[in-house]
Amino acid sequence: MKENFKLGGILLIITAIAGLILSVAHSVTMGPILAKEKEEKVAAMKVILPEAEDFATVKDVEITEEILGVEAGTKNGKNVGYCINVSSKGYGGPINMMIGISEDGKIEGVQILSLSETPGLGSKAKEPEFIDQFKDKEATELSVDKESGSDDKVLAISGATITSKAVTAGVNNAVKLFNENLKGAQ
């Protein structure tokens with residue numbers, strides 16, 4: 001019986017030390033990870049809303065599971081559009097993306113910030129052949145088509161329809177937010 005308590009005590013000490021080391025490692029690495037994520041978001045915003053010189057967080061937008069944040073892009077103090085960070089459920093998990101919509105209601109661009117889709121299939125959502133289809137479309141609800149893209153349709157990635165629909169749903173969430181809350185706000 002004493003031997004069991006002794007082994008249990010040793011195991012407790014080892015796990016306590018391991019937990020302490022993990023918490024220290026977490027606190028040390030959290031700062032650089034957050035800084036890198038912010039840097040990636042700023043780079044994405046500059047790509048999807050190239051006319052903007054500065055970005056400011058829009059605070060009066062409700063943050064939800066789908067809408068992660070909104071940044072207003074300005075040039076010479078004048079609003080030129082919005083960068084809307086959204087999340088959508090894909091085949092392999094959440095797809096985090098940033099959608100740029102100009103003040104005049106055109107989709108300026110889409111950047112996938114993170115996804116965990118199937119390599120070679122759903123991961124093609126990051127490629128220009130798919131993501132560039134959204135550029136210059138009107139900020140209206142879009143749908144996915146397996147045959148051909150058009151003004152209000154996006155051509156699906158072959159073998160990755162779920163991913164295509166998830167990205168399009170994310171864009172539609174951003175478009176809905178823009179049309180209902182941001183259009184003509186400034």
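The values are calculated or read from the model by the stated rules, or taken from the named source; none is laboratory data. The structure presented is a predicted model; accordingly, all values stated were derived computationally and were not measured. Methodologically, a virtual Cβ is constructed for each residue, glycine included, from the backbone with ideal geometry; neighbour enumeration extends over all protein chains shown.
Answer yes if at least one residue in region 25-32 is touching a residue at least 60 places away in the same chain (Cβ under 8 Å) and surrounded by 10 or more Cβ atoms within 10 Å (Cβ to Cβ), and no otherwise.
No, there is no match, as no residue in region 25-32 is touching a residue at least 60 places away in the same chain (Cβ under 8 Å) and surrounded by 10 or more Cβ atoms within 10 Å (Cβ to Cβ).
Looking at E65, E37, can you tell me which residue is in a loop (DSSP other than H, G, I, E, B) and out of contact with any helix residue (DSSP H, G or I) (no Cβ under 8 Å at 6 or more places or on another chain)?
Result: E65 is the single residue among E65, E37 that is in a loop (DSSP other than H, G, I, E, B) and out of contact with any helix residue (DSSP H, G or I) (no Cβ under 8 Å at 6 or more places or on another chain).
Table: residues versus (1) over 21 Å from L115 (Cα atoms); (2) β-branched (V, I, T); (3) assigned to a helix (DSSP H, G or I); (4) at pLDDT below 95.
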site: E3; (1), (2), (3), (4): yes, no, yes, yes
site: G8; (1), (2), (3), (4): yes, no, yes, yes
site: L11; (1), (2), (3), (4): yes, no, yes, no
site: I17; (1), (2), (3), (4): yes, yes, yes, no
site: I21; (1), (2), (3), (4): yes, yes, yes, no
site: P50; (1), (2), (3), (4): yes, no, no, yes
site: K59; (1), (2), (3), (4): yes, no, no, yes
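Of the conditions (1) within 12 Å of the chain's Cα centre (by Cα); (2) under 24 Å from K135 (Cα atoms); (3) surrounded by fewer than 20 Cβ atoms within 10 Å (Cβ to Cβ), V70 clears all except one; give me its number.
Only one criterion is unmet by V70, namely (3).
Report whether or not I162 is surrounded by fewer than 20 Cβ atoms within 10 Å (Cβ to Cβ) and more than 21 Å from T57 (Cα to Cα).
So I162 fits the description; yes.
Within region 118-137, take every residue that is in contact with a strand residue (DSSP E or B) (Cβ under 7 Å, 6 or more places away or on another chain) and surrounded by 14 or more Cβ atoms within 10 Å (Cβ to Cβ) and give me the one that is farthest from G92 (Cα to Cα).
The extreme case among them is K137.
Any idea which of S123, S116 is in contact with a Leu (Cβ under 9 Å, 6 or more places away or on another chain), under 25 Å from A160 (Cα atoms) and polar (S, T, N, Q)?
None of the other options fit; the residue is S123.
Residue by residue through region 144-159, note down the ones that are closer than 20 Å to K106 by Cα and surrounded by 16 or more Cβ atoms within 10 Å (Cβ to Cβ).
V144, G149, K153, V154, L155
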